[in-house]
1. Residue check: is Asp44 in contact with a helix residue (DSSP H, G or I) (Cβ under 8 Å, 6 or more places away or on another chain) and not aliphatic (A, V, I, L, M)?
2. Asp116 - would you say it is open to solvent by 30 Å² or more (accessible area, probe 1.4 Å) and free of Cβ contacts under 8 Å to residues at least 40 places away in the same chain?
3. All but one of (1) among the charged types (D, E, K, R); (2) under 21 Å from Ile127 (Cα atoms); (3) in contact (Cβ under 8 Å) with a residue 24 or more places away in the chain hold for Asp68; which doesn't?
4. How many of the residues making up the range 35-58 are free of Cβ contacts under 8 Å to residues at least 24 places away in the same chain and not aliphatic (A, V, I, L, M)?
5. Can you tell me how many residues within the range 119-148 are touching a residue at least 60 places away in the same chain (Cβ under 8 Å) and either open to solvent by less than 40 Å² (accessible area, probe 1.4 Å) or in contact with a Pro (Cβ under 9 Å, 6 or more places away or on another chain) (or both)?
6. Could you list all residues from the range 1-52 that are crowded, with 17+ Cβ neighbours inside 10 Å, in a helix (DSSP H, G or I) and either in contact with an Asp or Glu (Cβ under 7 Å, 6 or more places away or on another chain) or among the hydrophobic types (A, V, I, L, M, F, W, C) (or both)?
7. Yes or no: Pro103 open to solvent by 20 Å² or more (accessible area, probe 1.4 Å), more than 22 Å from His137 (Cβ to Cβ), of a type outside the set (Ser, Thr, Tyr) and in contact (Cβ under 8 Å) with a residue 24 or more places away in the chain?
8. Would you be able to tell me the number of residues in the range 53-63 that are small (Gly, Ala, Ser) and either crowded, with 18+ Cβ neighbours inside 10 Å or within 23 Å of His89 (Cα to Cα) (or both)?
Amino acid sequence: MTYPERIDTAAPVIARHEISIDAPLERLWRLHTDVDRWSLWQPDISAARTDAALAVGSTFRWSTAGLDIASTVYALEAPHRILWGGPAHGITGIHLWSFQPAPDGSVLVRTEESWDGEPVRADVPGIQRALDDSLKHWLGHLKKAAESGAA
């Protein structure tokens, strides 16, 4: 099966955000890829689980904002890049996370996500705000967990 290599740059809703986190790359990667523990540090996620280690083609399930989502891993380059996505509730989402160490020991975390589908096209401004807010919150929660030493 052929998977996307990046987000859908033609999608009507695209969000890009980044944050510098003062924590070791390995800690960030563990927090971010330990799907079964997401709900412990990410309060916007009510449940998350995977049946196997994350790998290209594996699927994990999670719930946020009342939505149940199944995401497939499209690309994985530990500990620097993970791309996942899939359809959920009429929306096709593709989500890229990248982790770039900085000379001062911090890590620049970048996230990009594209959404397309009928519900998105019906309310592009509202969906754009919701996605932007969601990613900003996720980055903030990741920063707090990583910098507090939670892993």
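1. On the way: in contact with a helix residue (DSSP H, G or I) (Cβ under 8 Å, 6 or more places away or on another chain): yes; not aliphatic (A, V, I, L, M): yes.
Yes.
2. On the way: open to solvent by 30 Å² or more (accessible area, probe 1.4 Å): yes; free of Cβ contacts under 8 Å to residues at least 40 places away in the same chain: no.
Here the answer is no, as Asp116 does not meet what is asked.
3. (3)
4. Residues of the range 35-58 free of Cβ contacts under 8 Å to residues at least 24 places away in the same chain: 36-37, 39, 45-53, 55, 58.
Then drop every residue that is not not aliphatic (A, V, I, L, M), which leaves 36-37, 39, 46, 49-51, 58.
Result for the range 35-58: 8.
5. Adding up the residues that qualify gives 16.
6. Within the range 1-52, Leu25, Leu28, Trp29, Leu31, Val35, Trp38, Trp41 meet the criteria.
7. no
8. 3
The values are calculated or read from the model by the stated rules, or taken from the named source; none is laboratory data. Since this is a predicted model, take the numbers as computed values, not measurements. Using ideal geometry, Cβ is built from the backbone for each residue, glycine included, and neighbour counts are taken over all protein chains shown. Remember, those area values only see protein heavy atoms, side chains included, never the ligands or the DNA or RNA. Shrake-Rupley method; radii C 1.70, N 1.55, O 1.52, S 1.80 Å.
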